[in-house]
Amino acid sequence: ARQTSPPLKFPEVDLIFHLVALYFDKFQLCIKLLHRPSFERSIYEGLYICNRGFGSLLLTVCGLGARYSEDPRVLIEGEGELSAGWK
């Protein structure tokens, strides 16, 4: 029997763009893995909603960007700053 994956859970749209900006501004400085204009355009177009592969990539980028964020929404409730990005 084929096992189905649970649905992906995304942050609020404003937080997505905040975390993506942090990823590009802080994390992806030396090695350019993603083309920022194309990646951001795909988010605006909602590709993450209908394409699980892109949605998974977006969550990875958000998790990496969250390490640089001071927004409390990136933290696991009741945990400290080391939980940033794990939620």
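A short reminder: the numbers here are calculations on the coordinates, not readings from a lab. If you're wondering where the values come from, they're calculated on a predicted model, not measured in any experiment. Methodologically, a virtual Cβ is constructed for each residue, glycine included, from the backbone with ideal geometry; neighbour enumeration extends over all protein chains shown.
Miscellaneous remarks
- Per residue, the convex hull spanned by the Cα atoms of the chain measures out at 118 cubic angstrom.
- Computed per residue of the chain from DSSP H runs no shorter than four, each worth -39500 (n - 2.57), the mean residue ellipticity at 222 nm is -12500 deg cm²/dmol.
- Across the chain, Cα pairs under 8 Å and at least six residues apart give a relative contact order of 30 percent.
- Span-like helix ranges in the chain, DSSP H, alpha carbon extent 18 angstrom or more, Kyte mean at least 1.0: 52-66
- Cβ-defined net charge surrounding TRP86, 12 Å radius [Lys, Arg +1; Asp, Glu -1]: -1
- Each other residue within a Cβ distance under 11 Å of LEU59 adds +1 if Lys or Arg and -1 if Asp or Glu, for a net charge of +3.
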